[in-house]
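J.: Sharing a structure below in structure tokens format, with a few things to ask.
The values are calculated or read from the model by the stated rules, or taken from the named source; none is laboratory data. All of these numbers come straight from a predicted model, not from anything done at the bench. So basically every Cβ, Gly included, is an ideal-geometry build from the backbone, and we count neighbours across all protein chains shown.
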Amino acid sequence: MRKLVFLSALILYCGHTLNAQLTKDEVLLEMDKKSEAYGAIAQNIWEFAEIGYLEEMSSSLLQKTLSDEGFTIKKGVAGIPTAFVAEYGSGAPIIAILGEYDALPGLSQKAVPEKSSAGQEAGHGCGHHLFGTASAAAAIAVKNWMTAGNTKGTIRFYGCPAEEGGSGKVYMVRDGLFNDVDIALHWHPGAENEANAGAALANKSAKFRFYGISAHAAGAPEKGRSALDGVEAMNMMVNMMREHIPEEARIHYVITQGGKAPNVVPDFAEVYYYARHDQRNVVLEIFDRIAKAAEGAALGTGTTMDYELIGGTHELLPNLTLQKLMYDNLLKVGGVNYTQEEMVFADKIAKTMGSEKAALEIAENIQPYNTVGETSGSTDVGDVSFAVPTAGMGAATWVPGTPAHSWQAVAAGGTSIGKKGMMVAAKTLTLTAIDLFTSQDLVAKSKVEFLERRGSEFVYIPLLGDRPPALDYRK
């Protein structure tokens with residue numbers, strides 16, 4: 001009799017573990033058990049430090065991580081070798097989680113609190129090694145939750161390369177890879193924990209190339225026509241134009257090539273431009289004026305000019321239904337607590353930015369919810385947000401006060417500080433996706449808001465036109 005009771009209990013226990021839905025707390029505990037493994041993945045990608053469209057090792061590592069967990073992988077999507085989609089499950093709803101993994105050129109840095117190059121070309125100054133890993137961790141956690149409860153639906157991870165100027169997601173949107181998605185979730189590394197209604201600037205970028213005539217700069221200057229003169233004349237005209245554009249607009253440029261020797265009149269020069277504003281129609285107007293300045297510069301310097309459109313992104317379309325949901329889940333997860341060793345590191349980083357001590361309470365707490373986000377940078381998530389209801393958040397992966405695209409961000413991203421913030425994001429994305437799988441009303445409500453904000457007459461036109469992916473833009 002005792003054996004029979006024991007056997008019955010064992011069957012009930014096994015049935016519970018195999019078929020009962022996991023609670024949110026149980027899901028979070030399981031993620032904690034894997035945090036060290038995910039930290040190792042992020043560290044590998046941090047060390048790879050691969051720039052846009054060249055993220056071969058980073059993309060392959062994330063693909064393998066997801067494939068090992070039972071995801072089906074579609075490689076090389078949208079004509080981009082390092083882009084992929086990993087999918088688990090079937091049917092609706094289809095919840096997408098976006099992941100990035102490209103580094104920034106010129107930001108090589110060791111994981112130390114003083115500026116020290118790691119001897120590489122690039123570094124993860126925007127924390128995309130954490131971004132891609134946390135998003136993959138969330139997709140896997142959601143998959144495990146779905147499997148345990150036999151939940152119907154599809155979880156997808158979108159491997160998105162070249163966010164830093166390459167507009168990788170734009171090509172994925174343009175190719176219809178989000179057409180059947182119900183909701184898209186994303187996050188970004190930062191210096192605080194927040195889930196506000198984010199804003200982002202629309203952006204259009206191009207490389208302007210000037211062609212002149214080489215000559216000896218002293219012996220026969222009259223025979224030369226300087227391509228660098230063309231670049232400098234263009235830059236001067238664009239800088240004068242700044243007074244006559246909306247003050248919220250941003251224009252940046254860097255001279256990528258300007259000649260090799262002072263005594264040789266350069267026959268080729270190139271300048272790389274960004275134009276930004278929170279309305280894409282204004283960006284288009286400003287970009288057209290920049291192009292006219294380039295034409296005038298070529299005419300005035302006796303050179304010729306052409307330009308290659310490199311990237312273009314929409315502004316971010318908010319969805320308050322999804323943002324409030326994500327904020328509530330971020331509150332449940334909580335912020336980042338530093339160890340004594342991490343505090344010492346943080347204080348040293350803070351001193352390099354003009355503060356005596358790091359404001360660690362910012363990392364520990366969650367910023368108040370705000371329905372109007374501050375606009376600063378640009379992201380190709382903007383195009384996704386015009387294709388499907390989208391929500392995002394930020395996690396404190398850097399020492400509070402750290403600006404993005406800095407050596408300080410690279411340094412913290414290579415330590416346990418970055419990995420702790422990464423897991424805050426992974427958990428928040430996971431809980432938000434679980435809520436969406438279990439509430440058709442939330443999905444429906446977010447779609448209604450999405451259509452109202454986007455407008456019934458909206459037609460998607462990518463700002464980068466019909467050009468193929470700019471796979472060599474970092475070369």
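J.: For region 197-214, state whether one or more residues are over 30 Å from Thr379 (Cα atoms), of a type outside the set (Val, Ile, Thr), modelled with pLDDT of 95 or more and more than 41 Å from the chain's Cα centre (by Cα). Before you say what the answer is, go through the steps one by one.
T.: Initially, region 197-214 is screened for residues over 30 Å from Thr379 (Cα atoms), giving 211-214.
Retained after the next criterion (residues that are of a type outside the set (Val, Ile, Thr)): 211-212, 214.
Right, trim to modelled with pLDDT of 95 or more and you get 211-212, 214.
Applying the additional criterion that residues be more than 41 Å from the chain's Cα centre (by Cα) yields 214.
Among the residues of region 197-214, at least one is over 30 Å from Thr379 (Cα atoms), of a type outside the set (Val, Ile, Thr), modelled with pLDDT of 95 or more and more than 41 Å from the chain's Cα centre (by Cα), which makes the answer yes.
J.: Moving on. On the basis of being surrounded by 21 or more Cβ atoms within 10 Å (Cβ to Cβ) and of a type in the set (D, E, K, R), does Glu50 make the cut?
T.: Details: surrounded by 21 or more Cβ atoms within 10 Å (Cβ to Cβ): yes; of a type in the set (D, E, K, R): yes.
Spelling it out, Glu50 is indeed surrounded by 21 or more Cβ atoms within 10 Å (Cβ to Cβ) and of a type in the set (D, E, K, R).
J.: Anything in region 86-107 that is under 21 Å from Tyr53 (Cβ atoms) and surrounded by fewer than 20 Cβ atoms within 10 Å (Cβ to Cβ)? List them, or say none.
T.: Scanning region 86-107 gives Pro105, Gly106.
J.: Anything in region 311-342 that is over 24 Å from Asn196 (Cβ atoms) and assigned to a strand (DSSP E or B)? List them, or say none.
T.: Selection gives Gly311, Gly312.
J.: Every residue in region 262-286 that is in contact with a Phe, Trp or Tyr (Cβ under 8 Å, 6 or more places away or on another chain), closer than 16 Å to Arg209 by Cα and buried (at least 23 other Cβ atoms within 10 Å of the Cβ), please.
T.: Ala269, Val271, Tyr273
J.: Something else: State yes or no: is Gly421 of a type outside the set (A, V, I, L, M, F, W, C) and either under 25 Å from Asn337 (Cα atoms) or within 21 Å of the chain's Cα centre (by Cα) (or both)?
T.: Numbers: of a type outside the set (A, V, I, L, M, F, W, C): yes; either under 25 Å from Asn337 (Cα atoms) or within 21 Å of the chain's Cα centre (by Cα) (or both): yes.
Spelling it out, Gly421 is indeed of a type outside the set (A, V, I, L, M, F, W, C) and either under 25 Å from Asn337 (Cα atoms) or within 21 Å of the chain's Cα centre (by Cα) (or both).
J.: Can you pull out every residue in region 343-358 that is assigned to a loop (DSSP other than H, G, I, E, B) and within 9 Å of Val399 (Cβ to Cβ)?
T.: Passing the criteria: Met353, Ala358.
J.: For region 287-310, enumerate the residues that are in contact with a helix residue (DSSP H, G or I) (Cβ under 8 Å, 6 or more places away or on another chain) and not in a strand (DSSP E or B).
T.: Quick first cut of region 287-310, residues in contact with a helix residue (DSSP H, G or I) (Cβ under 8 Å, 6 or more places away or on another chain) only: 289-290, 293-294, 296-298, 300-301, 303-305, 307.
Within region 287-310, Arg289, Ile290, Ala293, Ala294, Gly296, Ala297, Ala298, Gly300, Thr301, Thr303 qualify.
Yes or no, residue by residue, for (1) in the same structural domain as Gly123 (by TED's automatic domain parsing); (2) closer than 30 Å to Glu452 by Cα; (3) out of contact with any strand residue (DSSP E or B) (no Cβ under 7 Å at 6 or more places or on another chain):
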site: Val384; (1), (2), (3): yes, yes, no
site: Thr390; (1), (2), (3): yes, yes, no
site: Ala395; (1), (2), (3): yes, yes, no
site: Pro403; (1), (2), (3): yes, no, yes
site: Ala409; (1), (2), (3): yes, no, yes
site: Ile417; (1), (2), (3): yes, no, yes
site: Val424; (1), (2), (3): yes, no, no
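J.: To continue, here is another question. Return the pairs, sorted by first residue and then second, in which the second residue is in a loop (DSSP other than H, G, I, E, B) and not β-branched (Val, Ile, Thr), the first residue lies in region 29-57 and is closer than 22 Å to Val424 by Cβ, the beta carbons are less than 6 Å apart, and the residues are 6+ apart or on different chains.
T.: Between residues of region 29-57 that are closer than 22 Å to Val424 by Cβ and residues that are in a loop (DSSP other than H, G, I, E, B) and not β-branched (Val, Ile, Thr), the close pairs are Ile45/Tyr101; Trp46/His124; Trp46/Gly414.
J.: Give the residues of region 242-264 that are in contact with a helix residue (DSSP H, G or I) (Cβ under 7 Å, 6 or more places away or on another chain) and among the β-branched types (Val, Ile, Thr), sorted by residue number. Break it down stepwise before answering.
T.: Step one: filter region 242-264 for residues in contact with a helix residue (DSSP H, G or I) (Cβ under 7 Å, 6 or more places away or on another chain), giving 245-246, 249, 251, 253, 255, 258-259.
If the condition is that a residue be in contact with a helix residue (DSSP H, G or I) (Cβ under 7 Å, 6 or more places away or on another chain) and among the β-branched types (Val, Ile, Thr), then Ile245, Ile251, Ile255 are the ones that fit.
J.: Have a look at Ile45, Ile73 and point out the one that is part of a helix (DSSP H, G or I), among the β-branched types (Val, Ile, Thr), in contact with a Ser or Thr (Cβ under 6 Å, 6 or more places away or on another chain) and under 26 Å from Pro469 (Cβ atoms).
T.: On the way: Ile73 fails: part of a helix (DSSP H, G or I).
Being part of a helix (DSSP H, G or I), among the β-branched types (Val, Ile, Thr), in contact with a Ser or Thr (Cβ under 6 Å, 6 or more places away or on another chain) and under 26 Å from Pro469 (Cβ atoms) holds for just one of Ile45, Ile73, which is Ile45.
Table: residues versus (1) without any contact (Cβ under 8 Å) to a residue 12 or more places away in the chain; (2) of a type in the set (Asp, Glu).
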| position | (1), (2) |
| --- | --- |
| Thr321 | no, no |
| Leu330 | no, no |
| Gly334 | no, no |
| Glu342 | no, yes |
| Ala350 | no, no |
| Gly354 | yes, no |
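J.: In this structure, does His128 turn out to be within 21 Å of Leu62 (Cα to Cα), buried (at least 19 other Cβ atoms within 10 Å of the Cβ), at pLDDT 95 or above and touching a Gly at 6+ places or on another chain (Cβ under 6 Å)?
T.: On the way: within 21 Å of Leu62 (Cα to Cα): yes; buried (at least 19 other Cβ atoms within 10 Å of the Cβ): yes; at pLDDT 95 or above: yes; touching a Gly at 6+ places or on another chain (Cβ under 6 Å): no.
Considered against the rule, which asks whether it is within 21 Å of Leu62 (Cα to Cα), buried (at least 19 other Cβ atoms within 10 Å of the Cβ), at pLDDT 95 or above and touching a Gly at 6+ places or on another chain (Cβ under 6 Å), His128 comes out as no.
J.: Here is a further query. Scan region 375-388 and tell me whether some residue there is over 22 Å from Ala199 (Cβ atoms), surrounded by 23 or more Cβ atoms within 10 Å (Cβ to Cβ) and among the hydrophobic types (A, V, I, L, M, F, W, C). Write out each step before concluding.
T.: Taking region 375-388 as the starting set, the residues that turn out to be over 22 Å from Ala199 (Cβ atoms) are none.
No, there is no match, as no residue in region 375-388 is over 22 Å from Ala199 (Cβ atoms), surrounded by 23 or more Cβ atoms within 10 Å (Cβ to Cβ) and among the hydrophobic types (A, V, I, L, M, F, W, C).
J.: Determine if region 110-128 includes at least one residue that is touching a Lys or Arg at 6+ places or on another chain (Cβ under 6 Å), of a type outside the set (Gly, Ala, Ser) and either without any contact (Cβ under 8 Å) to a residue 12 or more places away in the chain or in a loop (DSSP other than H, G, I, E, B) (or both).
T.: Applying the first criterion (touching a Lys or Arg at 6+ places or on another chain (Cβ under 6 Å)) to region 110-128 yields 113, 116, 118.
The next check asks that each one be of a type outside the set (Gly, Ala, Ser); those that pass are 113.
Retained after the next criterion (residues that are either without any contact (Cβ under 8 Å) to a residue 12 or more places away in the chain or in a loop (DSSP other than H, G, I, E, B) (or both)): 113.
Among the residues of region 110-128, at least one is touching a Lys or Arg at 6+ places or on another chain (Cβ under 6 Å), of a type outside the set (Gly, Ala, Ser) and either without any contact (Cβ under 8 Å) to a residue 12 or more places away in the chain or in a loop (DSSP other than H, G, I, E, B) (or both), which makes the answer yes.
J.: Output the number of residues of region 374-395 satisfying the condition of being at pLDDT 95 or above and over 15 Å from the mean Cα position of the chain (by Cα).
T.: The number of residues fulfilling the criteria is 4.
J.: At least 2 residues that are of a type in the set (Val, Ile, Thr) and closer than 26 Å to Val85 by Cα in each: list the strands (runs of 3 or more DSSP E) lying fully within region 137-255 that qualify. Steps first, answer last, please.
T.: Numbers: elements: 153-160, 183-185, 188-190, 202-211.
Because the criterion is at least 2 residues that are of a type in the set (Val, Ile, Thr) and closer than 26 Å to Val85 by Cα, the strands (runs of 3 or more DSSP E) in region 137-255 that meet it are 153-160.
J.: Within region 216-234, can you find the residues that are of a type in the set (A, V, I, L, M, F, W, C) and within 12 Å of Val265 (Cβ to Cβ)? Even if it seems obvious, please write down each step before you answer.
T.: The initial filter retains those residues of region 216-234 that are of a type in the set (A, V, I, L, M, F, W, C), namely 217-218, 220, 227-228, 231, 233-234.
Correct list: Ala217, Ala218, Ala220, Ala227, Leu228.
J.: Still on this structure, please answer the following. Restricting to region 403-419, and then to whatever is surrounded by 24 or more Cβ atoms within 10 Å (Cβ to Cβ) and of a type in the set (Val, Ile, Thr), can you tell me which residue is farthest from Glu163 (Cα to Cα)?
T.: Ile417
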